[in-house]
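> Can you keep this structure in mind? I'll have questions shortly.
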Amino acid sequence: MTALVHKNTSPRSPRLSIILLDWNCRERFTALDWLLQQDVPKDQYELIWVEVYDRVVDEVMKKADVVITCNQQGMYHKHVGYNAGLLQARGDLICVCDSDAVFPPDFVRSVLHSFHMEDGRPAVPLVLMHYEWRTSLLYPDGLTDTATLKDHGRWKWWPLIVNEGACMTVRRADAIRFGGFDEHRSYKGYLCGPYDLGWRLINAGWPEVWHDESVALWHFAHPDPIGTNGQRASLKQLLEKAYPHINGHALTAVEAFSTGRFQPLQENSDIWKLRMKDRRIGSELETRYADLTGPSGYSPRAVLSLWMSLVREVVGRYLTDRWWSPIRETLVSLMGPRVASKLRAVFRDHVAPRRVNHEVPADHPTLLCSLRGYNIVKVKNEYYAAPQSVGDLDLSTEEGKVHPDLLVAEDYEVLLEKVHVASRG
């Protein structure tokens with residue numbers, strides 16, 4: 001699945017990116033109208049509309065700043081859509097909200113205030129959750145003023161809902177630092193939401209704050225997949241509950257919250273790259289280990305090879321100390337120093353190099369052994385023999401790989417033969 005950006009006309013430096021998700025289910029798009037009527041300049045925020053399937057709506061193309069389709073097949077995965085929006089977002093903050101809600105005119109301003117962003121100040125670390133009023137009534141025709149929605153008797157609003165399942169704002173940098181929205185298969189279907197990321201941020205020490213009730217969103221009834229409002233859900237809608245849940249919350253998210261986990265089980269590959277690029281490593285030594293494996297880690301084969309190397313190291317040292325050293329001393333005394341010296345040369349030049357594990361992963365220059373005045377080094381899938389007489393050669397650079405006395409081969413045995421030939425003159 002590849003996200004396709006159909007439109008991108010965002011302000012140059014918005015402070016807030018509002019991500020609105022659809023999965024080919026929205027019957028109206030008035031949320032965009034309410035968000036275009038905010039009491040702050042429009043260049044302070046951007047509207048990102050993400051369709052997880054491939055529907056492109058003319059009204060959305062006209063009113064949203066960014067329009068993305070994810071072109072998913074089968075059961076939808078909202079978190080993949082959230083991440084598509086996150087990767088396109090330019091704001092200091094990202095806000096994931098109901099794409100069919102009614103927004104009060106001071107919503108954006110109040111979000112910026114919650115993060116202490118007045119006067120151009122940077123956002124403070126925070127997980128901001130948003131309340132929502134709900135009713136069994138349908139969206140009314142001709143609604144133009146949110147002030148009328150404050151009449152609870154007229155609209156029969158239910159008690160204020162803790163709507164962590166659909167509405168949340170965090171800093172964009174924090175969302176990336178903690179792996180974005182989890183794309184694990186258990187989040188497919190209806191029962192998921194931004195609380196996955198929010199709860200993991202809370203686990204990492206970020207404070208959670210619930211937004212002021214005076215700027216709660218309003219949400220009118222519509223045919224929904226969970227069968228509320230006295231409506232009977234179809235089998236298709238019921239099957240959108242694609243994975244077990246805890247009181248309507250995704251099992252994987254609850255488990256992460258309860259165990260204290262703060263990284264996703266399945267991280268988006270592009271977000272992983274952004275997160276890794278932001279690291280600040282303090283020494284050259286540590287950089288050797290910073291990019292050896294990629295997100296999947298070492299393969300089982302590589303781990304087995306390292307285990308075998310460890311066994312050889314431990315057993316070899318034990319046998320050397322306890323058995324081989326005394327035996328060698330006895331053999332040298334029996335053969336005499338001249339014969340012993342010739343045997344040592346044969347071992348050093350022909351046996352020892354072939355006992356080296358030359359298949360070890362080597363994304364950075366890795367010294368394998370020394371042979372006849374050459375250092376044998378592996379870099380990725382090539383082998384180099386660097387004369388010890390020339391001093392240090394940086395084989396991680398192209399300049400270091402072009403020294404005239406450097407021997408190169410893609411096969412380890414071929415390189416050893418080159419060293420023997422070169423050493424004979």
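> Residue 2 passes all but one of (1) among the β-branched types (Val, Ile, Thr); (2) modelled with pLDDT of 95 or more; (3) in a loop (DSSP other than H, G, I, E, B); which number fails?
Answer for residue 2: the failing condition is (2).
> If we only count helices (runs of 4 or more DSSP H) wholly inside segment 289-362, which ones have 1 or more residues that are surrounded by 13 or more Cβ atoms within 10 Å (Cβ to Cβ) and touching a helix residue (DSSP H, G or I) at 6+ places or on another chain (Cβ under 8 Å)? Before you say what the answer is, go through the steps one by one.
Details: elements: 300-319, 325-335, 337-346.
Filter on segment 289-362 gives 325-335, 337-346.
> Also, quick follow-up: Quick check on segment 98-114: of everything there that is touching a Ser or Thr at 6+ places or on another chain (Cβ under 7 Å) and of a type in the set (A, V, I, L, M, F, W, C), which residue is surrounded by the most Cβ atoms within 10 Å (Cβ to Cβ)? Lay out the reasoning, then the answer.
Residues of segment 98-114 that are touching a Ser or Thr at 6+ places or on another chain (Cβ under 7 Å), as a first pass: 102, 104-105, 111.
Now restrict to residues that are of a type in the set (A, V, I, L, M, F, W, C): 102, 111.
On the way: 102: 21, 111: 25.
Result: 111.
> For residue 108, only one of the following conditions fails: (1) touching a Lys or Arg at 6+ places or on another chain (Cβ under 9 Å); (2) part of a loop (DSSP other than H, G, I, E, B). What is its number?
(2)
> Confirm whether residue 147 is crowded, with 21+ Cβ neighbours inside 10 Å, among the small types (Gly, Ala, Ser) and on the phi < 0 side of the Ramachandran plot. Let's see the steps before the verdict.
On the way: crowded, with 21+ Cβ neighbours inside 10 Å: no; among the small types (Gly, Ala, Ser): yes; on the phi < 0 side of the Ramachandran plot: yes.
So residue 147 does not fit the description; no.
> Return the total of residues in segment 193-210 being more than 15 Å from residue 261 (Cα to Cα) and either of a type outside the set (A, V, I, L, M) or not in a strand (DSSP E or B) (or both). Let's see the steps before the verdict.
Quick first cut of segment 193-210, residues more than 15 Å from residue 261 (Cα to Cα) only: 193-194, 207-210.
From what's left, either of a type outside the set (A, V, I, L, M) or not in a strand (DSSP E or B) (or both): 193-194, 207-208, 210.
Count: 5.
> Now for a separate question. Go over the candidates 370, 389 one by one and state the one that is hydroxyl-bearing (Ser, Thr, Tyr) and surrounded by 13 or more Cβ atoms within 10 Å (Cβ to Cβ).
Working: 389 fails: surrounded by 13 or more Cβ atoms within 10 Å (Cβ to Cβ).
Within the list 370, 389, the selection yields 370.
> What number of residues within segment 373-388 are among the basic types (Lys, Arg) and more than 33 Å from the chain's Cα centre (by Cα)?
Just the residues of segment 373-388 that are among the basic types (Lys, Arg), to begin with: 378, 380.
Subset that is more than 33 Å from the chain's Cα centre (by Cα): none.
Looking only at that region, the number is 0.
> While we're here: If you scan segment 258-281, which residues turn out to be part of a helix (DSSP H, G or I), in contact (Cβ under 8 Å) with a residue 60 or more places away in the chain and not aromatic (Phe, Trp, Tyr)? If you could, list the steps in order and put the result at the bottom.
Kept after step one, since they are part of a helix (DSSP H, G or I), are these residues of segment 258-281: 258-259, 269-277.
In the following step, the residues that additionally are in contact (Cβ under 8 Å) with a residue 60 or more places away in the chain were identified as 270-272, 274-275.
Result: 270, 271, 274, 275.
The values are calculated or read from the model by the stated rules, or taken from the named source; none is laboratory data. These numbers come from a predicted model, not from an experiment. Cβ: placed from backbone, ideal geometry, glycine included. Neighbour counts: every protein chain shown.
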